[in-house]
Amino acid sequence: MENNMKQHVQQLLEKRDLPDEGLVQLIESEQADAFLFPAANGVRRRIYGDAVYIRGLIEFTNYCKNNCYYCGIRRDNGKAVRYRLRTEEILECCKEGYALGYRTFVLQGGEDPYFTDERICRIVSSIRERYPDCAITLSIGEKPKDSYRAYFQAGANRYLLRHETANEIHYSRLHPAEMLSKNRKRCLYDLKEIGYQVGAGFMVGSPFQTTEHLVEDLRFLQALSPDMVGIGPYLRHQDTPFCPYENGSLERTLRLISILRLMLPHALIPATTALGTIHPEGREMGLKAGANVVMPNLSPVSVRKLYSLYDDKICTGEESAQCRGCLEKRVERAGCRIVTDIGNVRR
Ligand code: 5AD
Ligand code: FES
C-alpha cells in the first residue's frame, strides 16, 4: 500500500496527472501524506521559492439573495444581522490595507441586489483611480456576462467564484433548485474569456460528497485551468439546514491542497480562513502542504462577526484588527515569507 502511494505521488510529480483510481487512493489514505506533503511543498518551493502572497479581504455586504443550504448568510437565515459598507468605508479599508503593504483588494459579498452593476462599477473605478498599482478582485457571485464585462472595464482584474462541486447532482443537493451547476461553470468560462484572472474552488467534506465527486472537482479544474483554487473544509453553521452535518476533515483538505499543487504547479492556492478555523494551525499546515496565498481580513472589526458563513470563524475579535502581523508570524513558522508585490496582473 505504502509503495503504491509513493508511486502515485511520483507519477503526479512527473506527469501532473494520475488515473482516477490513483487519485481516490491518495485522497482516502493517511499513508499518502508522508510522500504527498513534502512533494507538494517541494514543487511550491521550486516555482515560488519561499514567497507567500497576501490578498486583503474586504467583506462589504452580507445581504444575499441566494439560499445555499450550507451558508450562514443565506437569504432565509433570519437570525443573521445584515450590513452593507458605504463606499467611503470600503475606500478606508483599502487605505489602511495599502499602508500595511497590501497590493490586492478582494471585494467579497453576498449576491446583494442593492449593489447594482452601476454601483459596483463606481466602487471599482474609485479604487482603481486611487490605486493604479493594485489588483482589484471581485467575489460577488453569478452575474450575466455583460455585467462581468462592465466591472472589468471599470478596472477589476480578478474574480473569485468557487464552483463548490463539479458534480451536477451533488450541486443540486447543496443548493435550491434555482441554482444550477452549469450556470456557475458558465460564469467561470465567461470570466476567463473576458480576461479576468479567475479563481475557482470547492468545499471539502460538504454533505453528501464522495471521493469520486472530489476527483470530478480535480478534473473540472484541470479543464478550466484557473489562476487560483480556493478550497477549505465544510464547516457547520448553526442556523442553516445543514447544521446537523459534521465538519469536513482537516487532513483531507490538506491532501487536496497537495494534489492540486502537483496537478497545477503554478496555481495560486490560498491557506483559507476555513482551514484556520478548523485547526489553530490550519493555515500553517496548508502552506506546508503546498498553499502559497493568505487572505487576511481588512473588513472593519465592527462587522467581521456578522460575515459569518460558518460557526467560530477566526479573525473576528478586537485582537485581530491587524491580521497582517499575525499572519506574518504564521507564514514564517511555515518556513515562508510574505511578499507584497502584486505579481503579473493582466489588464
Ligand atoms: N463552510 C465552509 N465554507 C463555506 N462557504 C460558504 N459556506 C461555508 C461553510 N458553511 C464557502 C463557499 C463560498 C465561499 C465564499 O465560502 O465555498 O464560495
Ligand atoms: Fe487574523 Fe490571525 S490572521 S487574527
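The values are calculated or read from the model by the stated rules, or taken from the named source; none is laboratory data. Since we're looking at a predicted model, the values are computed, not measured. Positions of Cβ are generated from backbone atoms using ideal geometry, with glycine treated the same way; all protein chains shown enter the neighbour counts. Note: accessible area is taken over every heavy atom of the protein model, side chains too, but ligands, DNA and RNA are not part of it. Shrake-Rupley method; radii C 1.70, N 1.55, O 1.52, S 1.80 Å.
What to note about this one:
- Accessible area of the stretch 257-341 belonging to carbon and sulfur atoms, whole % at 1.4 Å probe: 53
- Diffusion constant of the stretch 173-245 at 20 °C, which comes from Stokes-Einstein with the Kirkwood Cα-pair radius and 1.002 mPa s, µm²/s: 155
- Between amide H atoms placed 1.01 Å from N, distances below 5 Å from Gly199 occur with Tyr159, Leu160, Leu161, Met228, all of them 5 or more places distant or on a separate chain.
- Averaging the Cα positions of each part gives two centres, and for the stretch 193-262 and the stretch 269-286 these lie 14 Å apart.
- Rounded if a/c under 1.5, otherwise prolate or oblate - the stretch 25-68, Cα gyration tensor axes: oblate
- Rg/Rh ratio calculated on Cα atoms of the stretch 203-298 (Kirkwood radius): 0.97
- Ordering Ser302, Ser126 by accessible surface, largest first, gives Ser302, Ser126; the 1.4 Å probe counts only protein heavy atoms, with every chain in place.
- Accessible area expressed per residue, the chain, with surrounding protein chains retained (probe 1.4 Å, Å²): 41
- Using a cut-off of 24 Å between Cα atoms, the listed pairs Lys95/Lys145; Lys288/Lys313; Lys185/Lys313 include Lys95/Lys145; Lys185/Lys313 as exceeding that distance.
- Between helix 323-333 and the chain: long-axis angle, C-alpha atoms, 0 to 90°, nearest 10: 20
- Helix-only [θ]222 nm of the chain, DSSP H runs n ≥ 4, -39500 (n - 2.57) each, per residue, nearest 500: -13500 deg cm²/dmol
- Between the C-alpha center of the stretch 163-191 and that of the stretch 3-23 there is a gap of 28 Å.
- Taking Cα atoms only, the orientation of helix 87-99 departs from the longest principal axis of the chain by about 50 degrees.
- Protein accessible area in the stretch 1-115, 1.4 Å probe - carbon and sulfur %: 47
- The listed residues Met5, Met295, once ranked by accessible area (1.4 Å probe) with the largest placed first, stand as Met295, Met5.
- Under the combined filter of DSSP loop state and at most 15 neighbouring Cβ atoms within 10 Å, the stretch 53-144 retains these chymotrypsin sites (Phe, Trp or Tyr not before Pro): Tyr114.
- Relative counts (whole %) of C-alpha pair distances in the stretch 69-164, using bins that are 10 Å wide: 14, 46, 31, 8, 0
- Of the beta bridges in the chain, as assigned by DSSP with both residues counted there, near 5 percent are antiparallel.
- Sorted largest first, the spans of the alpha carbon positions of the chain along the three principal axes are 58, 43, 40 Å.
- Pairs of Cα atoms nearer than 8 Å and 6+ residues apart set the relative contact order; for the chain it is 24 percent.
- As a ratio to 2.2 N^0.38 Å, the alpha-carbon radius of gyration for the stretch 1-132 is 1.55.
- For the stretch 1-76, the alpha-carbon radius of gyration amounts to 1.67 times the rule-of-thumb value 2.2 N^0.38 Å expected for a compact globular protein.
- For the chain, the longest principal axis of the C-alpha atoms and the axis of helix 145-154 are separated by about 70°.
- Note on the stretch 1-158: antiparallel DSSP beta bridges, both residues inside, total approximately 10 percent of the bridges counted.
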